[in-house]
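The next block holds one structure in the form of structure tokens; read it before the comments.
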């Protein structure tokens, strides 16, 4: 008698049209043994993945609450073992599941569906409230930048002077380097905050009432990150890397990284996962100070990062570790210790510099096995980045 093989089911929920990291995740999940389903916008890059077993495509203009209900019903229909919000907007959409449960009968089908989503996305939305996450990390003894909440009507130059110069201005509800500005002095920081420059995103939507703008001291060093998978506050697998280039510079997403052995970074990531009780795929951003002192925590990304699909390449397979955890079977992985490996991310490094030496000397992460996706990226990218 042949034993039945259990295949965990993942439901991806995306609100992005052109998020390259999102489009790469299905292949990594599929290689780890998942059945993969998606809820995504019509004509999104995710639809070009050859590794999705089924999808629900929604039109532009759908309300966030309607999308939450659609995702919850899809999770129940496919019997998802894990629900994955792929980007910041999707995280905020799914975080409303608890609120929507109060509007439907407790014993209704929609309530049961929403509870499935709430199991993964209940509680505080760390992805949006970045400044509060820094405060909680600092209170737990994790090294963080000094930061001051900026209220343009009350905060003065003297209040920010203790942070030194230059200083960073950051806002909640921002992502991908948007909402991060370098101010030369406290006066300039206050002027930018008063103009609302730090809080303006590509959609020009006002920041929610609970969002804040903060000023932080600028720590000179190397940008570094950890990508990980976690379940109920325990990090299952992860790998650390430093960023060699950003697209755009200086605060945009990484375009060239170097994976390496960074025990202190891994310890910081484990502590943050435990502190937040997080489940899912995520990442932390940090700075390795140039004076060699311990790393400084910057951000907690409560969603898959653009490097999450690389785990199998570097010997720390985040997706396989998650599959094993969901199946309650042992996982034997790299434990975050990876040999040094430079990786040029596609298409970010190509956009940053079409003649970059890293496209030839580093591992260029082109999805060669997914021809439709490559064609779509090559068609779309020049339109988004004409230069």
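The values are calculated or read from the model by the stated rules, or taken from the named source; none is laboratory data. This structure is a prediction, so every number in the text was calculated from the model and none was measured. All Cβ positions, glycine included, derive from the backbone under ideal geometry; neighbour counts span all protein chains shown.
If you scan the stretch 224-248, which residues turn out to be in contact (Cβ under 8 Å) with a residue 60 or more places away in the chain and not in a strand (DSSP E or B)?
Passing the criteria: 247, 248.
Let me confirm something: among 38, 80, 75, 28, which residue is buried (at least 19 other Cβ atoms within 10 Å of the Cβ), in contact with a helix residue (DSSP H, G or I) (Cβ under 8 Å, 6 or more places away or on another chain) and within 19 Å of residue 380 (Cβ to Cβ)?
38
Go through the stretch 342-387 residue by residue and tally those that are part of a strand (DSSP E or B) and surrounded by 20 or more Cβ atoms within 10 Å (Cβ to Cβ).
4
If residue 126 satisfies all but one of (1) surrounded by 15 or more Cβ atoms within 10 Å (Cβ to Cβ); (2) within 30 Å of residue 78 (Cβ to Cβ); (3) over 19 Å from the mean Cα position of the chain (by Cα), what's the number of the condition it fails?
If we test residue 126 against (1) surrounded by 15 or more Cβ atoms within 10 Å (Cβ to Cβ); (2) within 30 Å of residue 78 (Cβ to Cβ); (3) over 19 Å from the mean Cα position of the chain (by Cα), just (3) comes out false.
On the given criteria, is residue 95 in contact with a strand residue (DSSP E or B) (Cβ under 9 Å, 6 or more places away or on another chain), exposed (fewer than 15 other Cβ atoms within 10 Å of the Cβ) and touching a residue at least 24 places away in the same chain (Cβ under 8 Å)?
no
Can you spot a residue in the stretch 319-341 that is under 19 Å from residue 22 (Cβ atoms), at pLDDT below 95 and surrounded by fewer than 21 Cβ atoms within 10 Å (Cβ to Cβ)?
No, that holds for no residue.
Test residue 284 against the criterion of being assigned by TED's automatic domain parsing to the domain that holds residue 253, under 18 Å from the mean Cα position of the chain (by Cα) and part of a strand (DSSP E or B), and give yes or no.
Here the answer is yes, as residue 284 does meet what is asked.
Does any residue of the stretch 141-156 turn out to be out of contact with any strand residue (DSSP E or B) (no Cβ under 6 Å at 6 or more places or on another chain), outside any loop (DSSP other than H, G, I, E, B), outside the structural domain of residue 297 (by TED's automatic domain parsing) and more than 14 Å from residue 298 (Cβ to Cβ)?
There is no residue in the stretch 141-156 that is out of contact with any strand residue (DSSP E or B) (no Cβ under 6 Å at 6 or more places or on another chain), outside any loop (DSSP other than H, G, I, E, B), outside the structural domain of residue 297 (by TED's automatic domain parsing) and more than 14 Å from residue 298 (Cβ to Cβ).
Among (1) modelled with pLDDT of 95 or more; (2) exposed (fewer than 15 other Cβ atoms within 10 Å of the Cβ); (3) at negative phi, which single condition is residue 86 missing?
(2)
Taking only the stretch 157-194 into account, find how many residues are part of a loop (DSSP other than H, G, I, E, B) and more than 18 Å from residue 211 (Cβ to Cβ).
So the count comes out to 7.
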